[in-house]
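Everything on this sheet refers to the single structure shown next.
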Amino acid sequence: MSDPAGRGVVWLGSPSFPDAARDALKDTQLRANLKRATSTIRDKRLAVASELDDWEELRTSAAAIKKRTARHLDHYLVQLEESVTAAGGTVHWASDAAEANRIVTELVRATGEREVVKIKSMATQEIGLNEHLADEGITAYETDLAELIVQLGDDRPSHILVPAIHKNRTEIRDLFTAQMGHWGRPAPDGLTDDPAELADAARRHLREKFLTAKVAVSGANFAVADTGTVVVVESEGNGRMCLTLPETLITVMGIEKVVPTWTDLEVFLQLLPRSSTGERMNPYTSTWTGTTDGDGPSAFHLVLLDNGRTDTLADTVGRQALACIRCSACLNVCPVFERTGGHAYGSVYPGPIGAVLTPQLVGVENAASLPFASTLCGACYDACPVKIDIPEVLAHLRAQVVEAKRADRRTPTAEALAMKAAATVLGSPKLLTAAQKAASLGGRALARNGRIGRLPGPLPGPLHGWSDTRDTPAPPAESFRTWWHKNKEGER
């Protein structure tokens with residue numbers, strides 16, 4: 001994938017999804033890790049969602065709030081800026097990844113610091129902030145456990161909620177032992193793969209960073225327009241440490257994360273934990289409004305990130321992807337993701353939501369294979385807490401990809417010619433009748449030769465692509481239209 005717009009999001013040089021998926025399917029350990037993790041989260045989500053009698057009503061309310069906010073996004077963003085500024089914060093507007101990275105870098109340099117602690121943030125991953133800061137001589141330390149694992153392994157996240165879902169605990173133990181010392185406090189001698197020991201090693205390693213860092217960088221789950229309040233939800237407490245101890249806090253937030261009021265926020269705080277981790281509420285829900293003397297950071301900067309979102313908003317079908325609250329429920333129910341993992345998508349946003357969001361953020365021509373990385377089974381739509389119709393958007397984007405390829409070709413493809421021929425036949429009753437008779441005769445002849453039917457065998461010509469991996473049934477001796485004419489036409 002390439003990204004001429006400089007928006008980040010995709011990993012440059014990544015293979016197309018079919019090629020990457022083919023390699024991922026060969027990794028039996030990866031498939032085992034994914035199946036175990038996604039099935040566990042999926043079962044927990046179903047259990048806690050079923051406890052609420054108004055679960056479907058909450059989903060409907062969330063979808064309505066997101067649609068209303070998107071229609072008036074300009075109004076709510078201006079209101080948010082005014083509210084944050086009145087509360088003592090500073091708002092910055094970034095049109096793309098390059099501008100957001102520049103703003104954050106300048107803010108860090110202004111403090112005189114060369115190290116920052118970070119809370120898990122999809123927005124900063126999207127713009128490649130860690131890499132940009134490193135190029136500028138600034139080290140960013142990830143403090144979320146899973147993000148720490150990814151950083152120590154010089155790896156990439158493979159899941160929106162659980163970035164290290166592709167690793168098992170033995171692999172994590174080996175990584176801690178080999179790499180922790182290069183980033184700070186080393187892992188203790190004799191570290192085992194017991195989860196409690198691994199968590200304790202990470203806690204001791206990170207404690208020094210929390211107590212010495214002067215600057216923190218975060219994302220945001222939501223921001224309330226009428227009060228200027230920013231919200232981060234997390235499960236480990238690292239976010240609370242980053243949001244309260246440093247002197248300067250810089251938050252990078254996609255413009256679609258704004259909600260109008262606290263009442264609206266209430267709906268999402270019921271849906272998000274149940275959909276993401278299968279919990280009734282997040283262990284840590286941190287909210288802050290600007291700055292307060294003697295309490296938390298003395299300087300707060302909010303960077304509002306566009307990076308393709310305005311272009312996405314212009315698409316009346318595709319815009320619903322911006323309603324995503326990053327719960328990852330769609331990933332955990334997706335049969336494709338469960339077998340290929342997140343890296344195959346070549347994007348910061350994997351799974352079904354990545355298949356519809358990434359092509360819109362960077363342009364379908366730069367992620368043309370992702371809309372096809374789905375079975376269109378609809379499980380993602382059923383699981384989505386804000387009712388994003390991902391199958392509808394996938395079909396919509398697939399049409400855009402096909403049209404773009406058609407416009408680029410001087411000669412039609414074999415598939416296009418076949419579809420044109422099919423349209424001609426299906427549009428003519430006489431031609432359709434003749435084709436059905438020919439198919440019936442030819443099919444029975446091939447069946448007698450053992451090429452179609454119970455015995456798997458290749459179909460002739462280009463049709464072998466289908467029969468190489470499938471048993472092809474013989475066409476019936478009589479079509480429905482023929483049967484109708486014989487038996488029912490007179491009755492009508």
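Share of carbon and sulfur in the accessible area of the chain stands at 54%, probe radius 1.4 Å. If I require 15 Å or longer along the helix axis, counting alpha carbons, and a Kyte-Doolittle average no lower than -0.5, what helices from the chain are left? Use full DSSP H segments. Long hydrophobic helices here: 73-86, 97-111, 262-276, 351-362, 390-408, 414-426, 429-448. Listed by chain and number, the lysines whose alpha-carbon sits under 21 Å from that of residue 488, ignoring those within fewer than 8 places in the same chain, are 430, 437. With the simple spin-label model, which puts each label point 7 Å out from Cα in the Cβ direction, the residue 50 to residue 75 separation comes to 4.2 nm. With a Förster radius of 22 Å applied to the beta-carbon distance between residue 40 and residue 155, the computed FRET efficiency rounds to 0.55. Relative to its Kirkwood radius, the Cα radius of gyration of segment 1-133 gives an Rg/Rh of 1.06. Size descriptors for segment 212-284, from the alpha-carbon set: Rg then Dmax equal 12.9, 37 Å.
Here the convex hull built on the C-alpha positions of segment 131-270 has a volume of 131 cubic angstrom per residue.
Cross-link pairs exceeding 31 Å between alpha carbons, from the set 35/214; 26/67; 26/66; 66/120: 35/214; 26/67; 26/66.
Approximating the spin labels as points 7 Å out from Cα along Cα→Cβ, the residue 111-to-residue 226 distance works out to 3.3 nm. Length available on full extension from residue 19 to residue 68: 0.36 nm per residue minus the Cα-Cα distance, which gives 13.7 nm.
Potential lengthening of the chain between residue 185 and residue 435 amounts to 82.6 nm, from the contour at 0.36 nm per residue minus the alpha-carbon distance. With each label modelled as a point 7 angstrom along the Cα→C-beta vector, the residue 295-residue 486 pair spans 8.5 nm. Summed over qualifying helices (DSSP H, 4 residues or more, each -39500 (n - 2.57)) and divided by its residue number, the chain shows a 222 nm mean residue ellipticity of -15500 deg cm²/dmol. Think of a 1.4 Å ball rolled over the protein heavy atoms: the chain then has 48 Å² of accessible area per residue.
Take the Cβ atoms of residue 199 and residue 315, set R0 to 56 Å, and the FRET efficiency comes out at 0.85.
Between residue 408 and residue 339, the contour length at 0.36 nm per residue exceeds the Cα-Cα span by 21.5 nm. Counting only DSSP beta bridges whose two residues both lie in the chain, roughly 30 percent are antiparallel. Taken over the C-alpha atoms, the chain has Rg and Dmax values of 26.5, 91 angstrom.
As I understand it, the dipole of the chain uses +1 on the Cβ of Lys and Arg and -1 on the Cβ of Asp and Glu, about the Cα centre. Which of 438, 146, 348 lies farthest toward its positive end? Among 438, 146, 348, the one farthest towards the positive end of the dipole of the chain is 438.
The values are calculated or read from the model by the stated rules, or taken from the named source; none is laboratory data. Remember, it's a predicted structure, so these values are computed and weren't measured experimentally. Because the Cβ atoms are built from the backbone with ideal geometry, glycine has one as well, and the counts that use them run over all protein chains shown. To get the accessible areas, we keep the full protein, side chains included, count just its heavy atoms, and leave off ligands, DNA and RNA. Shrake-Rupley method; radii C 1.70, N 1.55, O 1.52, S 1.80 Å.
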